[in-house]
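Report on the following structure.
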Amino acid sequence: MSNLKLIIKREFIARVRNKTFVIMTFLSPMIFVGMISLIAWLATLNNDEVRKIAFFDETGKFESDFKDTDHIDYINYSKLPLNDAKDSVVINKMYGLLYIPNKQTNNELASAIQFYAEEAPSISILNNIESIIATKLTNQNIKEKGLDLDVIKNSRAKVRIQIENFYGEKTSKMTNYVKMFFGGAAGYLLMMFIIIYGNMVMRSVIEEKSNRIIEIIISSVKPLQLMMGKILGTSLAGISQFIIWVILGGVLVTVATAVLGIDTTVTATGFGSSIQAVEETQGETIASATALVLEIQKLPLGVLLLSFLIYFVGGYFLYSSIYAAIGAAVDSETDSQQFMLPIILPLVLGIYVGFFSVIENPHGTISMVFSMIPLTSPIVMLMRIPFGVPWWEVLISIFLLLGSIIFMVWLAGKIYRVGILMYGKKPSYKELFKWLRY
Amino acid sequence: MSNLLEVRQVSKRFGAFTALQNVSIEVPKGSIFGLLGPNGAGKTTLIRIINQITQPDEGTVWLDHQPLHQEHIKDIGYLPEERGLYKSMKVGEQALYLAQLKGLSKKDAKERLMYWFEKFEITSWWNKKIQELSKGMAQKVQFIVTVLHRPKLLIFDEPFSGFDPINANVIKDEILQLRAEGATVIFSTHRMESVEELCDHIALINKSKKILDGKVSDIKKEFRSNTFEIGLLAEHPSELLTNLKQRYSVAPADFKTIDDQFKLKITLDPKTSSNQLLTSLSEKAQILRFNEVIPSINEIFIKTITANE
């Protein structure tokens, strides 16, 4: 077996056997699924609560319009004197009292309605009440003006713009949300992966240094070989952990939904419900889980997967070689803090550019530039790709990334080679620069 | 005797700091070669260059009449001064791993490891983690890993540090045994008594330069000062002393004796032979002791370094 293979194997086994690693591998999906279940459960709890709202209607027009819903029970207090009604609401701990005074015109009435409550009422309840009253008053106004309500209803036009690109692919707003979700998830995932496993590479370098085994090993293998073996072995461990997470997470979600009877459209696709919310405010309730699946199937999944792999591996290599160099330069993990900025800064920048610029304008100058700069390109490009990026842009970006990986591995290798044999020094950036010439 | 290792005119600089300057050494096949020098002289850098951990800026290193190349790694066994093992890995596993990195097959490595583990009576350690072993125990494992692939050249940097006297002796015997089986040993240490005991060749490095090298016996000859320690029984000691002081340079000596002797250290000028001194002494006193003062490596070390300052 070649030395590189031996090193990869050892690193992989060392990572995988680590207790924290094992615990994290099996516990994280459980915690994750548990949290989702908990949130879903709490949401249903909240929804089950039925609120009692009393109304005091001096006009007598609205009695029949306040119909009980799943969440609100309306109680008519119009026959009581107003003060008694208020007292009764307080004593019975009702949610609030809606007061509709008698006014001359509908317009006066519209701004004179009051809601008495102990605490500020929830927006959704207020919206609900407002829309009931508004519909009633609008309809009355229309009638008073002598117009036919049905005619107006029938002549209302519904507009849904169909988006189509020049290659004939049809999209909709929903597709954009789906793309945003996929791009964002991929970029975020990559950042987490880099931070978690890059740190592992760094710790493993520091471990060899503080164990003093390093000189024994590099009398047998080249430092660059050792560094590459470390990066590869750790990433293999990371990928295995990742696969276990996906499988275990999938199984757990299925089990949890089956056992607890939680509505999958709320839990598994929390994202779907947020689309629903967005669409609902526009008066359209079309987004269902099936529609979502259809939209996902419309995405070029093959291309997405391939580019995800390329940028994932590329980004990881670029950053973990920096992590390895940092590990070699310091004696302990606490000392590594001063060198973390060049890693964290571009990562965070990539995420910010991604969430603020790419989603707003995936092909704008900022998105374009940051998807070319190697340190941010893996994250930003991953976020852009679902929106369709010209192949030559992707190609340039990948070449730039490859070039900088080679450069960075070379650079890190130089620092690594010198650093692993330096004990008891806390080097500055200036010294690291000097090491390059040793 | 041919040389197994030749270092020719090697220089190495780290930035503005010069670690080695035109250093050449020749290590004869089958010798035990002491690489000596004060702290920071450049010994470790030289050893790292021989191990191809560091590349020299100038000069070449030849092993077995070939310029040093990648394959030579298998011919060298190196026990560094800063040494350790993976704390959370099992003893057997990491010994296997390190042996395989030196090019042994898994099967060979296991066989040879079993041989050494049995020899040192440590087979029960196989499944233990290093963190469960003491420092001395871990050093034994490191020694085994260093010699396991039967290298032509063994390099030990402070091999006895961390060992108790009994285990240090075990290791010393093993080193001698390996030499008897044909290995050449380079030995870097500050313990002059072990150099005295083991080495047949030495090189002395100070401040990045080699200032002395050669066969130990040759060096000692070079450093002999024609001084003799003498123990006498004389009837008139004071008279004799005055007499001797007129002819030779005399200093008081200190060694253990049975009788109440007259102890002297006499240095002869190159023209006078020891026999002449002996004859003149025998006329005046009973000679109980007469031996040449042989310079110890320790004295040579200190003398050379101080002269070099």
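Among the residues of the range B:145-158, just one is more than 12 Å from every other protein chain (Cβ to nearest Cβ) and either in contact with a Pro (Cβ under 6 Å, 6 or more places away or on another chain) or at pLDDT below 90 (or both), namely B:GLU158. Taking the numbered list (1) modelled with pLDDT under 85; (2) under 22 Å from A:ILE195 (Cα atoms); (3) of a type in the set (Ser, Thr, Tyr) in turn, A:SER371 passes all entries but (1). Selection of the range B:75-99 for residues being under 23 Å from the mean Cα position of the chain (by Cα) and modelled with pLDDT under 90 yields B:GLU81, B:GLU82, B:ARG83, B:GLY84. Out of curiosity, is B:GLU229 acidic (Asp, Glu), surrounded by 12 or more Cβ atoms within 10 Å (Cβ to Cβ), out of contact with any Lys or Arg (no Cβ under 7 Å at 6 or more places or on another chain) and in contact (Cβ under 8 Å) with a residue 12 or more places away in the chain? The answer is no for B:GLU229.
Given the options A:ASP87, A:ASP150, name the one that is among the acidic types (Asp, Glu), part of a helix (DSSP H, G or I) and within 25 Å of A:GLU58 (Cβ to Cβ). Walk me through it before giving the result.
Working: A:ASP150 fails: within 25 Å of A:GLU58 (Cβ to Cβ).
Going through A:ASP87, A:ASP150 in turn, the sole match is A:ASP87.
Restricting the range B:1-24 to residues that are within 19 Å of B:ASN308 (Cα to Cα) and open to solvent by less than 10 Å² (accessible area, probe 1.4 Å) leaves a set whose member that is nearest to the other protein chains (Cβ to nearest Cβ) is B:ALA19.
Regarding the range B:43-59, can at least one residue be identified that is in contact (Cβ under 8 Å) with a residue 12 or more places away in the chain, assigned to a strand (DSSP E or B) and either more than 14 Å from chain A (Cβ to nearest Cβ) or not hydrophobic (A, V, I, L, M, F, W, C) (or both)? The answer is yes; a qualifying residue exists. Under the condition of being open to solvent by less than 50 Å² (accessible area, probe 1.4 Å), in a helix (DSSP H, G or I) and of a type outside the set (Gly, Ala, Ser), the residues counted in the range A:357-379 number 4. When the range A:176-197 is limited to residues that are closer than 18 Å to A:LEU309 by Cβ and among the hydroxyl-bearing types (Ser, Thr, Tyr), the one that is nearest to the chain's Cα centre (by Cα) turns out to be A:TYR188. Taken together, the criteria place B:LYS29 among residues that are among the basic types (Lys, Arg), surrounded by fewer than 16 Cβ atoms within 10 Å (Cβ to Cβ) and in the same structural domain as B:LEU104 (by TED's automatic domain parsing). Looking across the range A:395-420 at every residue that is surrounded by fewer than 19 Cβ atoms within 10 Å (Cβ to Cβ) and in contact (Cβ under 8 Å) with a residue 60 or more places away in the chain, the one that is nearest to the other protein chains (Cβ to nearest Cβ) is identified as A:LEU411.
Residues that are open to solvent by less than 50 Å² (accessible area, probe 1.4 Å) and touching a helix residue (DSSP H, G or I) at 6+ places or on another chain (Cβ under 7 Å) within the range B:143-155 comprise B:PHE143, B:ILE144, B:VAL145, B:VAL147, B:LEU148, B:HIS149, B:PRO151, B:LEU153, B:LEU154, B:ILE155, listed in sequence order. Scanning the range B:78-123 for residues that are surrounded by fewer than 18 Cβ atoms within 10 Å (Cβ to Cβ) and at the interface with chain A (Cβ under 9 Å from one of its Cβ atoms) gives B:GLU81, B:GLU82, B:LYS87, B:SER88, B:GLU93, B:GLY103, B:SER105, B:LYS106.
Residues are listed down the side, and each one gets a yes or a no for (1) on the phi < 0 side of the Ramachandran plot; (2) in contact (Cβ under 8 Å) with a residue 24 or more places away in the chain; (3) open to solvent by less than 80 Å² (accessible area, probe 1.4 Å):
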residue	(1), (2), (3)
A:ILE36	yes, yes, yes
A:ALA40	yes, yes, yes
A:THR44	yes, yes, yes
A:VAL50	yes, no, yes
A:ASP65	yes, yes, yes
A:TYR77	yes, no, yes
A:ASN83	yes, no, no
A:TYR95	yes, yes, yes
A:LEU98	yes, yes, yes
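Just to be sure, is A:GLN225 more than 30 Å from B:LEU46 (Cα to Cα) and either in contact (Cβ under 8 Å) with a residue 12 or more places away in the chain or out of contact with any helix residue (DSSP H, G or I) (no Cβ under 8 Å at 6 or more places or on another chain) (or both)? Considered against the rule, which asks whether it is more than 30 Å from B:LEU46 (Cα to Cα) and either in contact (Cβ under 8 Å) with a residue 12 or more places away in the chain or out of contact with any helix residue (DSSP H, G or I) (no Cβ under 8 Å at 6 or more places or on another chain) (or both), A:GLN225 comes out as no.
Restricting to the range B:274-297, name every residue that is hydrophobic (A, V, I, L, M, F, W, C) and farther than 19 Å from B:GLN261 by Cβ. Step through it out loud before you land on a result.
At the first step, the residues of the range B:274-297 found to be hydrophobic (A, V, I, L, M, F, W, C) are B:277-278, B:281, B:285, B:287-288, B:290, B:293-294, B:297.
Matches in the range B:274-297: B:ILE294, B:ILE297.
Which residues, taken from the range A:1-60, are among the hydrophobic types (A, V, I, L, M, F, W, C), in a helix (DSSP H, G or I) and within 14 Å of chain B (Cβ to nearest Cβ)? If the condition is that a residue be among the hydrophobic types (A, V, I, L, M, F, W, C), in a helix (DSSP H, G or I) and within 14 Å of chain B (Cβ to nearest Cβ), then A:LEU4, A:LEU6, A:ILE7, A:ILE8, A:PHE12, A:ILE13, A:ALA14, A:VAL16, A:PHE21, A:VAL22 are the ones that fit. Scanning the range A:221-236 for residues that are open to solvent by less than 10 Å² (accessible area, probe 1.4 Å) and within 8 Å of chain B (Cβ to nearest Cβ) turns up at least one hit.
Table: residues versus (1) of a type in the set (A, V, I, L, M); (2) out of contact with any Phe, Trp or Tyr (no Cβ under 7 Å at 6 or more places or on another chain).
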residue: B:SER88; (1), (2): no, yes
residue: B:ALA95; (1), (2): yes, yes
residue: B:LEU104; (1), (2): yes, yes
residue: B:ASP108; (1), (2): no, yes
residue: B:ARG112; (1), (2): no, yes
residue: B:TYR115; (1), (2): no, yes
residue: B:PHE120; (1), (2): no, yes
residue: B:LYS128; (1), (2): no, yes
residue: B:GLN139; (1), (2): no, no
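Only one of A:ALA14, A:ALA54 is of a type outside the set (Val, Ile, Thr), touching a residue at least 60 places away in the same chain (Cβ under 8 Å) and open to solvent by less than 60 Å² (accessible area, probe 1.4 Å); which? Outline the logic, then answer.
Details: A:ALA54 fails: touching a residue at least 60 places away in the same chain (Cβ under 8 Å).
One residue alone meets the criteria, A:ALA14.
As a summary of the residue check, B:HIS65 satisfies the conditions (1) under 27 Å from the mean Cα position of the chain (by Cα); (2) facing another protein chain (nearest Cβ under 8 Å) except for the one numbered (2). Can you name the residue in the range A:423-438 that is farther than 16 Å from A:VAL205 by Cβ and not in a loop (DSSP other than H, G, I, E, B) and, of all such residues, is farthest from the other protein chains (Cβ to nearest Cβ)? Applying the filter and picking the extreme gives A:TYR429. Would you check which residues across the range B:134-143 are among the hydrophobic types (A, V, I, L, M, F, W, C) and either part of a strand (DSSP E or B) or more than 12 Å from chain A (Cβ to nearest Cβ) (or both) and list them? Across the range B:134-143, the qualifying residue is only B:MET137. No other residue among B:ASN169, B:ASN127 is surrounded by fewer than 22 Cβ atoms within 10 Å (Cβ to Cβ), within 16 Å of the chain's Cα centre (by Cα) and either modelled with pLDDT of 90 or more or not in a loop (DSSP other than H, G, I, E, B) (or both) apart from B:ASN169. Taking every residue in the range A:356-374 that is closer than 14 Å to A:SER397 by Cα and pairing it with any residue that is of a type in the set (D, E, K, R) and open to solvent by less than 70 Å² (accessible area, probe 1.4 Å), at least 6 positions away or on another chain, the pairs with Cβ-Cβ distances below 7 Å are A:SER367/A:ARG384; A:SER371/A:ARG384.
The values are calculated or read from the model by the stated rules, or taken from the named source; none is laboratory data. This structure is a prediction, so every number in the text was calculated from the model and none was measured. Neighbour counts run over all protein chains shown; Cβ positions are idealised from the backbone, glycine included. When the accessible area is computed, the model is the full protein with side chains, heavy atoms only, and any ligands, DNA or RNA have been set aside. Shrake-Rupley method; radii C 1.70, N 1.55, O 1.52, S 1.80 Å.
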